[in-house]
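Here's the structure, in structure tokens; my notes come after.
The values are calculated or read from the model by the stated rules, or taken from the named source; none is laboratory data. From a predicted model like this one, the values you see are computed outputs, not experimental measurements. Here the Cβ positions follow ideal geometry from the backbone for every residue, glycine too, while neighbour counts run over all protein chains shown. SASA here: full protein model, heavy atoms, side chains in, ligands and nucleic acids out. Shrake-Rupley method; radii C 1.70, N 1.55, O 1.52, S 1.80 Å.
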Amino acid sequence: MEKAVTTGITKEQRLPTRTMLAAGIAIAVLVTLQVVYAATADLRTDEAYYWTLSKENVLSYLDHPPMIAWVVRLGTAIFGDTNFGARFGGLLAMWIALALLADIVWRLTGDRRFVLLAVLMPLAAPEYGLFASRILPDVALIPLSLAMVWSLVRLTESDDGRWWLAAGLFGGLALLSKYTAIFFAPAILAFLLVPPWRTRWLRSLYPWIAVVVALLVFSPVLIWNWQHDWASFKFQFIRAGADHGISARTVSDFLGLQFALVGPILFPVALAGATMLAWRGYRRRHPAFILISTCALVPFAYFLWKSLSLRIGDTWPMLIWPFAFAAAAINLAEIEKERRSGWIYRTAEPWAKAAIALGIVLNVAIYYYYAVSDFAFAATKDPVAKEAGYGEIARRAKATADQVGAKWIATLDYRIYAELRWHLRDSIPVVQVNERSRFIGFRDSSSAAMKSGIGLYVDSMPNDGNVIETKTLAVLRLVGQADRTWRGVVIEPFAFKTVTGWTPELSPPPDSPFYRWRLLN
């Protein structure tokens, strides 16, 4: 089995002072932008939703395992219910991920130049650079899955089976972060079965105990699902199984997002690096190369396949690219060792450096556009702009509620529900009256208000013929309107209607239209 030589630094492996200074400045600038953006940018809808989850003490949730709520709770416990407080845990997790990524590459190359490349690649990718300040389940999944892989790289170095147990621990924690951690299972199986060591490790107790450790760590989600008719797993299977027919548009959307969020040069560089490292790893049966490259390529292949018939969310592939960045850096080190003369080998490192340089410029430009400038470009299609302006809607909703004497606010969309709760800080109860399966086990802070007075229904327009009007005896009366805007551009109009003659049921039966979640569009 091949092992990296990590003792001693050759002249070629030393980083010139000028390079170290430039890299240090770039890292400092990008991290500063992350912190400033985290503190100043309004929470997007999913971020506000995760904040609402953090206010509940339950084992798990319908649409996500509990780690994201714990991460948000950590930040708000330190910095309060502020933009930075909600995002701090995620920022900390991503900085830990950079440290793990650096150590993985160091252990497999022993070369500081490629360690620096591996650290700069994610910082140069907008999704992991500036937008690393977003709070998402992936910000916990990424460092924990990297920690799992780091443990297995340590196993290849030491041949000590106890590292399997650490991998099982981190693997279970990764599953507690996001169900897509299951995509790493093929890489672990290949790591176990393809190299020559497979017979020895299959006969050892360590890998099997590691599986037990992972399941024990993941047990809160299993217990919650067992208690609630496997609701979370059913929800995810519906999402994964959605099929709207073959569409070139969804494929192009998926690939276009990767060029935009990873980088127009960095995306192909990272993908090519992962592919080439896989070729090297499987040809040599090198366990670490197999593990890292397969962690990137299997989920990429899955999402590419699903994009034939389903729109892939912008955050779904986030788990791919840290491993692809590691693979690209390690592959560059292998190219240098081979000293071949083909054009691929001559241009690989310059392309990687160009990708990083362009990525840093893009991050700074994106920050300037969203945080400094006041002009709007294609606002109704901009993913950030499309989720902006809820603060004004919340203020107008509260003022309207006070004016008409409403004691609670009703919504039919988890995004609106989350944004209203975030901006109003529970100064008036806000209830999403449908999709109540999202709120299994949540505390009841609304029943008294709903029984004692009228409500205010808040929704984007047009909102006639909704489930409240068609499935209940409620009387809705229009009492106000407002536009949700971003930099003077109307994103969507909202309507405010009083709700009388009906009290929502917070725990409806599973066959109720107010319990079930809506299928993907």
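Compute the normalised compactness of the chain: alpha-carbon radius of gyration over 2.2 N^0.38 Å, N being the residue count.
In units of the globular-protein estimate, the chain measures up at 1.05.
Would you pull out the residues with amide H under 5 Å of Gln432's amide H, same chain only if 5 or more places away, H placed 1.01 Å from N?
Those lying under 5 Å, H to H, from Gln432 are Thr411.
Mind listing the long-range amide H neighbours of Trp486? Cut-off is under 5 Å, sequence gap 5 or more, other chains count too, H placed in the peptide plane at 1.01 Å from N.
Residues meeting the criterion, in which the H sits 1.01 Å from N, are Ile491.
Report in % the part of the accessible area of the chain that belongs to carbon and sulfur, leaving out ligands and nucleic acids; probe 1.4 Å.
62 percent
Provide the percentage of antiparallel DSSP beta bridges, counting only those with both residues in the range 385-500; round to the nearest 5.
Details: 17 of 23 bridges.
Approximately 75 percent, going by the DSSP bridge assignments.
Can you tell me which aspartates and glutamates have their Cα less than 17 Å from the Cα of Lys398? Leave out same-chain residues fewer than eight positions away.
Cα-Cα hits under 17 Å: Glu419, Asp426, Asp459, Asp483.
Give the shape of the range 385-500 as rounded, prolate or oblate, defined through the alpha-carbon gyration tensor: a ≥ b ≥ c are the square roots of its eigenvalues, a/c under 1.5 means rounded, and otherwise the shape is prolate if a/b is larger than b/c and oblate if not.
Judged from the Cα gyration tensor, the range 385-500 comes out rounded (a/c under 1.5).
Would you mind computing, in nm to one decimal, how far apart the modelled labels at Lys337 and Leu92 are, each placed 7 Å from Cα along Cα→Cβ?
It is 3.7 nm.
Starting from the range 358-389, pick out the chymotrypsin sites (Phe, Trp or Tyr not before Pro) whose DSSP state is loop and whose Cβ has at most 12 other Cβ atoms within 10 Å.
In loop regions of the range 358-389 (DSSP not H, G, I, E or B), the sparsely surrounded chymotrypsin sites (Phe, Trp or Tyr not before Pro) are Phe375, Phe377.
Can you figure out the FRET efficiency of Val211 with Asp511, using R₀ = 30 Å and their beta-carbon distance, to the nearest 0.05? Don't skip to the answer; put the middle values down first.
Numbers: r = 37 Å, r/R0 = 1.23.
Once rounded, the FRET efficiency stands at 0.20.
Over the chain, give the accessible area per residue in Å² for a 1.4 Å probe, as an integer.
Details: 22410 Å² over 521 residues.
With the other protein chains kept in place, the chain gives 43 Å² per residue.
Check Gly480: other-chain or 5+ apart residues with amide H under 5 Å from its amide H, H built from backbone geometry?
Under 5 Å from the amide H of Gly480 lie the amide H atoms of Phe496, each far enough along the sequence or on another chain.
So what is the relative contact order for the chain, in percent, with contacts set as C-alpha pairs under 8 Å and at least six apart?
Details: 843 pairs, mean separation 83.1, N = 521.
Reported relative contact order: 16 percent.
Which of the peptides 415-425, 189-199 is most tightly packed, and how do the rest follow, judged by the mean count of other Cβ atoms within 10 Å per residue?
Packing proxy ranking, top to bottom: 415-425, 189-199.
For the chain, with only Lys/Arg (+1) and Asp/Glu (-1) charged at the beta-carbon, what is the dipole magnitude about the Cα centre, in debye rounded to 20? Before the final figure, lay out the partial values.
Details: 52 positive and 40 negative charges, 228 e Å.
Here the chain has a charge dipole of around 1100 debye.
Quick one: of Lys381/Lys451; Lys178/Lys337; Lys234/Lys386; Lys55/Lys386; Lys306/Lys337; Lys234/Lys407, which pairs are farther than 32 Å apart, Cα to Cα?
Those over the limit are Lys381/Lys451; Lys178/Lys337; Lys306/Lys337; Lys234/Lys407.
For a test of the definition: using alpha carbon positions, the gyration tensor, and the 1.5 limit on a/c, classify the range 160-220 as rounded, prolate or oblate.
Judged from the Cα gyration tensor, the range 160-220 comes out oblate (a/c at least 1.5, b/c at or above a/b).
Tell me what the chain gives for mean residue ellipticity at 222 nm when only DSSP H runs of n ≥ 4 count, each as -39,500 (n - 2.57), the sum divided by the residue total, rounded to 500 deg cm²/dmol.
Here the helix-only value at 222 nm equals -19000 deg cm²/dmol.
How far apart, in nm, are the 7 Å Cα→Cβ label points at Thr503 and Asp160?
6.2 nm
Got a sec to turn the phi values of the range 174-187 into Karplus ³J(HN,Hα) couplings, 6.51 cos²θ - 1.76 cosθ + 1.60 with θ = phi - 60°, whole Hz, x for Gly and Pro?
3J(HN,Hα) across the range 174-187, in whole Hz: 5, 5, 5, 8, 6, 5, 5, 4, 5, 5, 7, 4, x, 5.
Karplus couplings for the range 306-312 from phi (6.51 cos²θ - 1.76 cosθ + 1.60, θ = phi - 60°), rounded to Hz, Gly and Pro as x?
For the range 306-312, the Karplus-derived couplings read 5, 5, 5, 9, 8, 6, 8 Hz, x marking Gly and Pro.
Could you go through the range 117-124 in sequence order and give the Karplus-derived ³J(HN,Hα) for each residue, using 6.51 cos²θ - 1.76 cosθ + 1.60 with θ = phi - 60°, rounded to whole Hz, and x for Gly and Pro?
4, 5, 6, 6, 4, x, 5, 7
So, taking all protein chains as they sit and a 1.4 Å probe, how much accessible area belongs to Val430, in Å² rounded to tens?
10 Å²
Using a Förster radius of 56 Å, what is the FRET efficiency between Ile246 and Ala28 based on their Cβ-Cβ separation? Nearest 0.05, please.
0.75
Provide the FRET efficiency to the nearest 0.05 for the Ala185-Ile78 pair, computing r from the beta carbons and using R0 = 30 Å.
0.30
Any idea how far apart Thr470 and Asn57 come out in nm if each label point goes 7 Å out from Cα toward Cβ?
A separation of 4.0 nm, rounded to one decimal place.
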